[in-house]
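Asker: Following this message is one structure expressed as structure tokens.
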Amino acid sequence: MSVMKAIALANEEFATAASSTGAPYHDESQTWHDINWRQVNRNVRRLQARIVKATQEGRWGKVKALQHLLTRSFSGKALAVRRVTENKGKRTPGVDKQVWSTPASKRQAVKTLRQHGYRAQPLKRVYIPKKNGKGRRALSIPTMKDRAMQALYRLALDPIAETTGDPNSYGYRKGRAPVDALQQCWTCLNRKCSARWILEADIKDCFDAISHEWLEQHIPLEKRILYQWLKAGYMGKSVLRATEAGVPQGGIISPVIANMTLDGLEAELRAAIPPIPNKYEGTKPKVNLVRFADDFVVTGCSKELLENRVKPVVEQFLRDRELRLSPDKTRITHIDEGFDFLGQNIRKYNGKLRIKPAAKNVSAFLDKVRTTIKANRQVPPGWLILLLNPIIRGWANYHRHAARPAWRPLFALIMKSFGLSGGGRDVDTHASRHSGRRIDTF
């Protein structure tokens, strides 16, 4: 009886949401360039705001109804097609070797995004080297239609993920960046009475090992559509291979699903190790979680606390999702020894916390600069600087919040690699005259 009542309530909420959505009529004959994108964005944002409100109120029947409206609306479909045809991968085809490059094909693609009869195609598997140089990382590339469907359903999933996400989760979330995670690390560690021990944790093969059964039970998406993406398989050496676990790295919706899989860890730690209400700062456990995607750190007042109480809670939380910590990258360190997080080294020197670029990150950056210089030895210095400026500017912008003294020796090493120390190559102004751009930003 309770099941029938829940179904009736969901149907009633769906009917109410459908009648009050206010979705405007769109002309089927209009071209891609005729679409009013301001109105499209307004329609999608309005439905997403209603999803957020329904999620906060715990009205999951209404959430499901609003998701149904959004994923079947013209505005949602048009915005999804626009996203996959204007990002960096717009010219990368899937196994069907198709791309949507013309206005007519984009407009037609909007009409093809239908749930009835939808079947996801296998993924195209490519391999890229890992940052540590050990092995290769597998990337799975969906077809354009599957990417557009994922973008469409991400519009309906993002409001829920942002509403229910952990407060100190910073990866793959709108309005959040690595600098926010580093700021939280500073807040938790910079005081004299702050935690002194840190659990550096990394999940082994996070994207490739998440339990499909757990995802189907806990991710608030249409189960049939989600099942299609999880079980699509991939083409490896012209052979179709099954996917039994994980979400594809390369899918538009995969980062959101992975984030929602790890959401709840902060609450688990708070429940297992609550703050002790004591006026003396030193008696508090000082357990704080800072997470960026599958990399996270947990602070604590002692090594024993992290080893005997925090780490078992984390391992059990991951075990429920068929995940586990990477033994090579997981360790407990003292703040005076420092630790690397998001390409930065966080360490206390004589009681003062400093955040500076990590040694591995600096080494990789200098290697890239040297490789660029060696590959363009015959190029005039002016043109060479034009090639190096984007590399240096991008690295500098990422690390612009780091301690300034760490930059001085790095700049000298760049000059030495370029050959400008001790009377190196003179900069020729021929490139600047013909390019019309400044070359002295180096």
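The values are calculated or read from the model by the stated rules, or taken from the named source; none is laboratory data. Model, not experiment: these values are computed from the prediction. Here the Cβ positions follow ideal geometry from the backbone for every residue, glycine too, while neighbour counts run over all protein chains shown. Please note that ligands, DNA and RNA were not included when accessible areas were found on the heavy atoms of the full protein model with its side chains. Shrake-Rupley method; radii C 1.70, N 1.55, O 1.52, S 1.80 Å.
Asker: LYS97 to ASP208: extension gain in nm, 0.36 nm per residue of separation minus the Cα-Cα distance? Mind showing how you got there, number by number?
Answerer: Details: separation 111, 0.36 × 111 = 39.96 nm, distance 2.46 nm.
Additional length available on full extension: 37.5 nm.
Asker: Then there's this: First select every other residue whose beta carbon is under 13 angstrom from the beta carbon of ARG91; then total the charges, Lys and Arg +1, Asp and Glu -1. Numbers along the way, then the final one.
Answerer: Details: positive: LYS88, LYS90, LYS97, ARG147; negative: GLU86.
Neighbour charge sum, excluding ARG91 itself: +3.
Asker: Just read off the accessible area of LYS284 with the full protein assembly in place, 1.4 Å probe, to the nearest 10 Å².
Answerer: 70 Å²
Asker: Using only the Cα atoms of the stretch 290-375, build the gyration tensor, take square roots of its eigenvalues as a ≥ b ≥ c, and label the shape rounded, prolate or oblate: rounded if a/c is under 1.5, else prolate if a/b is larger than b/c, else oblate. Walk me through the numbers on the way to the answer.
Answerer: Details: a/c = 3.41, a/b = 1.54, b/c = 2.22.
Taking the square roots of the gyration eigenvalues as a ≥ b ≥ c, the stretch 290-375 is oblate.
Asker: Roughly what would the spin-label model give for HIS334 and GLU307, points 7 Å off Cα along C-beta, in nm?
Answerer: Here the modelled spin labels are 1.3 nm apart.
Asker: What is the stretch 96-180's relative contact order, in percent, from Cα pairs under 8 angstrom and six or more apart in sequence? Intermediate results must be reported in sequence, preceding the final value.
Answerer: Values: 52 pairs, mean separation 18.2, N = 85.
Relative contact order, the stretch 96-180: 21 percent.
Asker: Classify the stretch 104-198 as rounded, prolate or oblate from the Cα gyration tensor: take a ≥ b ≥ c as the square roots of its eigenvalues, call it rounded if a/c is under 1.5, otherwise prolate when a/b beats b/c and oblate if not.
Answerer: Numbers: a/c = 3.60, a/b = 1.80, b/c = 2.00.
Verdict is oblate for the stretch 104-198.
Asker: Where in the stretch 222-279 are there GluC sites (Glu not before Pro) that are in a DSSP coil and have at most 14 other Cβ atoms within 10 angstrom of their Cβ? Don't jump to the answer; show the numbers that get you there.
Answerer: Details: sites: GLU222, GLU244, GLU266, GLU268; in loops: GLU222, GLU244.
Passing sites in the stretch 222-279 are GLU244.
Asker: Once fully extended, how much extra length lies between TYR349 and TRP60, figured as 0.36 nm per residue of separation less the alpha-carbon to alpha-carbon distance?
Answerer: Computed gain between TYR349 and TRP60 is 99.0 nm.
Asker: A further question on this structure: Within the stretch 282-389, which GluC sites (Glu not before Pro) sit in a loop by DSSP and count at most 13 neighbouring Cβ atoms inside 10 Å?
Answerer: Numbers: sites: GLU304, GLU307, GLU315, GLU322, GLU337; in loops: GLU322, GLU337.
Listed in order of number, the matching sites are GLU337.
Asker: Rounded to the nearest 10 Å², what accessible area does THR92 have for a 1.4 Å probe in the complete protein model?
Answerer: 50 Å²
Asker: Just how much of LEU47 is accessible, in Å², when a 1.4 Å probe is used and the result is rounded to the nearest 10?
Answerer: The accessible area of LEU47 comes to roughly 10 Å².
Asker: Near TRP214, within a Cβ-to-Cβ distance under 10 Å, what is the net charge of the other residues, with Lys and Arg +1 and Asp and Glu -1?
Answerer: Values: positive: ARG321; negative: GLU213, GLU216, ASP320, GLU322.
Result for the neighbourhood of TRP214: -3.
Asker: With a/c under 1.5 counting as rounded, go ahead and sort the stretch 22-167 into rounded, prolate or oblate using the C-alpha gyration tensor (a ≥ b ≥ c being the square roots of the eigenvalues; past the cut-off, prolate if a/b is larger than b/c, else oblate).
Answerer: Values: a/c = 2.14, a/b = 1.22, b/c = 1.76.
Oblate, since a/c reaches 1.5 and b/c is not below a/b.
Asker: Let me ask something else about it. When the Cα atoms of the stretch 118-261 are enclosed in a convex hull and the volume is divided per residue, what value in Å³ results?
Answerer: Numbers: hull volume 20.4 nm³, N = 144.
Residue-normalised Cα hull volume stands at 142 Å³.
Asker: Within the set of other residues whose C-beta is less than 13 Å from the C-beta of GLU266, count the net charge using Lys and Arg as +1 and Asp and Glu as -1.
Answerer: Details: positive: ARG270, ARG291; negative: ASP166, ASP263, GLU268.
Taking every Cβ under 13 Å from that of GLU266, the sum is -1.
Asker: At a 1.4 Å probe radius, carbon and sulfur cover how many percent of the accessible area of the stretch 287-424?
Answerer: Working: 3660 of 7220 Å².
Carbon and sulfur atoms account for 51 percent of the accessible area of the stretch 287-424.
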